[in-house]
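Step one of this worksheet: look at the structure below.
The values are calculated or read from the model by the stated rules, or taken from the named source; none is laboratory data. Computed from a prediction, not measured in an experiment: that's the story for all the values here. Methodologically, a virtual Cβ is constructed for each residue, glycine included, from the backbone with ideal geometry; neighbour enumeration extends over all protein chains shown. Heads up: the accessible areas ignore ligands, DNA and RNA and are worked out on the full protein's heavy atoms, side chains in. Shrake-Rupley method; radii C 1.70, N 1.55, O 1.52, S 1.80 Å.
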Amino acid sequence: MEDVGGDAMETYTTYEDYLDSQITDTDMFYLESEDLARQLVELGYRGSGDTLKREEFEARKKAIRERSTQKTNVPKQLSSAGKNLTDSPVLLALANREELVRNGKLTTIIFIRDKNSKGQEVSGYIDYALRLKTENFEPYFEGRKQLMPKPSDLSYYNWETQTSTSNSTPNFQVIADNETGLLFKNKRDRKVINVDPNANPGDNSTRTEIKTSEYLQVVIYDHMTRRKS
């Protein structure tokens, strides 16, 4: 039987395409019929002489499709999986949200205030989903690296240098309101998250302050996303 590799099989959309690949210009010159040429290939009189039958071809194509589906459906290993986080309330809180954030059912903004490597106090709002997508979070969950706000995050402020930045992300639009302060609009359902500790965080949003000695302050804003109908 002809050994047709998986890569080669994927190039043939139909059984007829597979037969046509073994028909030569000389065959067509003498036979003058594409259907007849295909029949001769299928019977083994043309081509390699050891051609797959239609049932065998379809069975191989089905097996390739199933393997491809299985690969697609393999869930991504969570960065927090198997990590001992009992001593870190912040990392434990992030681990509890990781799967929901990765699959898009939850959007989370992390507020962190702490001192950087230069001893300067900095604070900022981090789009958790974007960071998960663009960074390897295993070093954070392993305790080898500390999660800190960056100038590229949703919002960043260095209290010593007075450096201030804000950036909208694929998930949130930054709204700087003079009266109500900093707001973040979820781009999926257009709901606004108010990060003022004295205000309601907004529809489908919750505010959770994490009690920890790891940072000066950590607050997590969760928003259950619902697509706008």
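Counting the residues of the range 55-79 that are farther than 13 Å from Phe141 by Cα, at pLDDT 80 or above and open to solvent by less than 90 Å² (accessible area, probe 1.4 Å) gives 8.
Yes/no matrix, rows are residues, columns are (1) surrounded by 18 or more Cβ atoms within 10 Å (Cβ to Cβ); (2) in contact (Cβ under 8 Å) with a residue 24 or more places away in the chain:
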{"position": "Ala81", "(1), (2)": "no, no"}
{"position": "Leu85", "(1), (2)": "no, yes"}
{"position": "Arg97", "(1), (2)": "yes, yes"}
{"position": "Gly119", "(1), (2)": "no, no"}
{"position": "Glu138", "(1), (2)": "no, yes"}
{"position": "Ser164", "(1), (2)": "no, no"}
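Residues in the range 99-117 that are touching a residue at least 24 places away in the same chain (Cβ under 8 Å) and more than 25 Å from Asn158 (Cβ to Cβ): 6 in all. Among residues that are acidic (Asp, Glu), open to solvent by less than 50 Å² (accessible area, probe 1.4 Å) and in contact with a Ser or Thr (Cβ under 7 Å, 6 or more places away or on another chain), Asp196 is not included. Scanning the range 170-180 for residues that are under 26 Å from the mean Cα position of the chain (by Cα) and loosely packed, with under 13 Cβ neighbours inside 10 Å yields one hit, Pro170. Against the list (1) at pLDDT below 95; (2) open to solvent by less than 40 Å² (accessible area, probe 1.4 Å), the condition Gly124 fails is (1).
Residues are listed down the side, and each one gets a yes or a no for (1) farther than 19 Å from Met148 by Cβ; (2) among the polar types (S, T, N, Q):
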site: Pro170; (1), (2): yes, no
site: Asp189; (1), (2): yes, no
site: Asn204; (1), (2): yes, yes
site: Glu209; (1), (2): no, no
site: Ser213; (1), (2): no, yes
site: Val218; (1), (2): no, no
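Being surrounded by 16 or more Cβ atoms within 10 Å (Cβ to Cβ), touching a residue at least 12 places away in the same chain (Cβ under 8 Å) and in contact with a Gly (Cβ under 9 Å, 6 or more places away or on another chain) holds for only one residue in Leu130, Leu147, Leu183, and it is Leu183. Taking the numbered list (1) assigned to a helix (DSSP H, G or I); (2) surrounded by fewer than 20 Cβ atoms within 10 Å (Cβ to Cβ) in turn, Val90 passes all entries but (2).
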